[in-house]
Every structure is written in C-alpha cells, then in structure tokens.
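The values are calculated or read from the model by the stated rules, or taken from the named source; none is laboratory data. Keep in mind it's a predicted model, so treat the numbers as computed, not measured. Heads up, the Cβs are rebuilt from the backbone with ideal geometry, glycines too, and the neighbour counts pull from every protein chain shown. Ligands, DNA and RNA are stripped out before the accessible areas are found, and what is left, the full protein with its side chains, is counted by its heavy atoms. Shrake-Rupley method; radii C 1.70, N 1.55, O 1.52, S 1.80 Å.
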Amino acid sequence: MKLTTAPSAVEPARDFPELLPHARPAVRLHPRRGTPGPRDSHIGGPVLWPAAEPWPECAGHKDVNGRAYTLPMAVVAQFTAADFPEIRFPEGTDLVQLLWCPDWHDQPPPDGWGQACRLFWRRAAEITDPPAEQPDPGEHGEDDDMIPRACVLHPERVTDYPGEEELPAGLGERFEAWLADRGLTDDLTTVPGYKLGGFLDWGTTGLPAALECGECRAPLELFLQCDTYEYYLGSWAPDSAPDRFRPLEERHLKTGDEAGDASREPVGMTVGRGSHAGLFVCSADPRHPASFFTQ
Ligand SMILES: [Zn+2]
Ligand SMILES: [Zn+2]
C-alpha cells in the first residue's frame with residue numbers, strides 16, 4: 001500500500017525562499033495496524049532479540065507500600081538499514097530497536113532517560129536464535145497509552161521545515177504574516193504523525209534550555225516523532241479543506257468509522273496530552289543516551 005501526502009499550499013522555492021536553507025528530510029512512517037515479523041521495520045510488534053540477552057526492565061518503581069518493583073519494557077519500534085538508509089547507523093550495525101518503560105516517567109527522570117527509554121543498535125545477521133516469545137507489557141495492567149499496537153509501515157520521504165522556535169529570530173513571524181496575508185494556514189512546517197528525522201513542533205513548551213547530548217554536549221537531533229494523531233483533528237470537520245497530511249489514498253474514509261480511526265490513530269498511544277513527542281539522539285554518536293520530550 002502506498003500512502004501519499006498532498007502538496008503544501010506553500011512552495012518555498014517560489015513563495016518563501018528564505019525557508020529553503022532550513023529544510024531537512026523526514027520519513028513519514030504511515031504506521032497502520034498489522035502483523036509485522038521480527039525482522040521487519042515496524043511500530044510495536046516483535047523485535048529481533050538475542051536469546052542470550054535478558055529482556056530489559058525498568059527499575060525504580062514503587063508500589064503503594066513503598067516496595068520497589070521492575071517492569072518489562074515495551075517495544076516501541078524497530079527499523080532496519082535496508083528500509084531506512086537515512087538513519088545514521090553506528091558502524092557495524094543495521095538494526096535499531098526502541099524500547100521504553102510502559103509506565104509514565106516525569107520529564108526528565110532524575111537519573112536521565114537512559115533507563116526509561118533505550119535504543120539498541122544491532123547487526124541483524126548476528127541474531128540467529130531469537131526467542132519465540134517476548135514479554136507482553138500489556139499483561140501487567142500498565143497504562144495502555146504507552147504501549148503501541150503492532151503496526152506495519154508505509155514509508156514516504158518528505159521535506160520538513162522547522163517551526164518558529166527553531167527558525168532564526170523574525171523569520172517565523174515573517175512567514176506567519178505571509179500566510180495570514182493570503183488567508184493560508186501553515187501546512188508546511190513540523191510534519192505531524194510518526195516520522196523519522198525532520199523537526200518537532202515545540203509550540204507547547206518552547207525549546208528546551210539546551211538541546212544537547214547529556215554525555216558529550218553535541219547537538220541533539222530528532223530521531224523519531226511519536227504522535228497521537230497522524231493528521232489534524234480539524235481535517236474531520238465537514239466544511240474544512242482536507243488536511244494535507246491525510247493521505248490521498250484514504251480520503252474516502254469517514255470520521256468514526258473503524259477504518260477512518262485506524263488511519264488517524266493507528267498506533268493507539270496517547271502521547272503527551274493527546275499531542276506528540278520526540279525521541280532525540282546525539283548527532284555525534286547515536287549510542288549516547290537518548291532524550292525524550294513530550295508536547
Ligand atoms: Zn519505568
Ligand atoms: Zn553525545
């Protein structure tokens with residue numbers, strides 16, 4: 001299945017060339033519920049895990065009586081180099097897995113994100129004996145909001161632009177004014193939905209004080225955006241123009257239909273308060289501990 005984003009109302013090269021130097025590639029993942037295999041790229045679902053390696057757990061939780069307990073981490077995503085050559089895999093690796101704690105952690109956890117949210121960089125050919133079963137975090141009655149449903153991916157390469165917070169002073173305001181003069185809304189910057197790369201919309205919190213690696217101080221870059229919705233709620237209003245980000249192939253789907261909801265909220269996670277979040281990695285070495293920011 002191919003899923004396609006419509007063109008933006010703005011064509012930066014023609015309309016607003018000042019934005020061009022700030023463009024960055026991104027991959028809309030277009031997750032849709034399915035049954036991915038352990039060697040596939042996917043959201044949720046089974047990962048290619050070495051049998052000899054213990055399943056990661058998050059410690060540091062306490063029950064109502066103050067007793068400590070651990071939680072098995074939940075699979076968020078797995079990506080292969082074959083599907084996503086744009087990921088900067090550390091030398092000798094071609095598979096990356098993201099697991100996180102299925103229980104909510106305040107931001108940032110006192111001991112950093114290292115424990116609550118982890119990336120595993122691997123070489124797929126070295127894993128010849130994956131276990132048949134993986135822990136099911138859903139069994140533990142934790143908050144389902146943090147456990148993605150298994151989804152297959154339909155990647156689409158797009159060009160992304162930063163929101164006002166990451167543009168040079170004044171440029172975001174000039175772009176907003178240009179849009180307002182023409183009665184347009186911004187459908188160009190900070191592509192919504194699950195994506196690799198590109199830019200996060202920091203409109204809720206503003207930019208963090210320092211968007212840099214806790215280990216080496218190199219700038220952080222957006223690795224994966226998680227989003228409650230693949231496209232905006234407004235696009236379901238009967239008299240509004242279809243959202244650019246609602247795939248062309250799915251515009252016949254109706255709000256409230258099972259298929260329509262599965263297209264708009266395929267992963268079934270409520271990120272932040274129904275918004276989006278970004279997992280950021282170190283631009284110098286993606287094996288340094290990742291950081292997670294919700295909006
Ligand atoms: Zn935890
Ligand atoms: Zn670093």
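Quick rundown of the values:
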{"quantity": "When residues of the stretch 115-124 are limited to those that are among the hydrophobic types (A, V, I, L, M, F, W, C) and more than 15 Å from Ser41 (Cα to Cα), the one farthest from ligand 1 (Cβ to nearest atom)", "calculated": "Cys117"}
{"quantity": "Pro289, sole failed condition from (1) within 16 Å of ligand 1 (Cβ to nearest atom); (2) closer than 27 Å to Val10 by Cβ", "calculated": "(2)"}
{"quantity": "Selection count, the stretch 194-222, where residues are free of Cβ contacts under 8 Å to residues at least 60 places away in the same chain and either in contact with a helix residue (DSSP H, G or I) (Cβ under 7 Å, 6 or more places away or on another chain) or not aliphatic (A, V, I, L, M) (or both)", "calculated": "4"}
{"quantity": "Every residue from the stretch 246-266 that is open to solvent by 30 Å² or more (accessible area, probe 1.4 Å) and polar (S, T, N, Q)", "calculated": "Thr255"}
{"quantity": "In the stretch 47-63, residue nearest to Arg118 (Cα to Cα) [restricted to those that are within 13 Å of ligand 1 (Cβ to nearest atom) and open to solvent by 80 Å² or more (accessible area, probe 1.4 Å)]", "calculated": "Glu57"}
{"quantity": "Residues of the stretch 267-290 classified as under 27 Å from Pro36 (Cβ atoms), within 16 Å of ligand 2 (Cβ to nearest atom) and open to solvent by less than 20 Å² (accessible area, probe 1.4 Å), total", "calculated": "5"}
{"quantity": "Filtered residues of the stretch 64-76 (kept if more than 30 Å from Leu153 (Cα to Cα) and more than 13 Å from ligand 1 (Cβ to nearest atom))", "calculated": "Val64, Asn65, Gly66, Arg67"}
{"quantity": "Residue check for Pro242: closer than 25 Å to Pro286 by Cβ and either at pLDDT 95 or above or away from ligand 2 (no atom under 16 Å from the Cβ) (or both)", "calculated": "no"}
{"quantity": "Condition broken by Asp227, with the remaining ones in (1) within 30 Å of Gly92 (Cα to Cα); (2) within 20 Å of the chain's Cα centre (by Cα); (3) open to solvent by less than 70 Å² (accessible area, probe 1.4 Å) satisfied", "calculated": "(1)"}
{"quantity": "Sole residue being surrounded by 15 or more Cβ atoms within 10 Å (Cβ to Cβ) and out of contact with any strand residue (DSSP E or B) (no Cβ under 9 Å at 6 or more places or on another chain), chosen from His30, His22, His42", "calculated": "His22"}
{"quantity": "Only listed residue being open to solvent by less than 70 Å² (accessible area, probe 1.4 Å) and closer than 17 Å to Arg157 by Cα, chosen from Phe79, Phe16, Phe89", "calculated": "Phe79"}
{"quantity": "Answer residue from the stretch 277-291, given it is under 14 Å from Gly197 (Cα atoms) and in a strand (DSSP E or B) and is farthest from the chain's Cα centre (by Cα) among those", "calculated": "Cys282"}
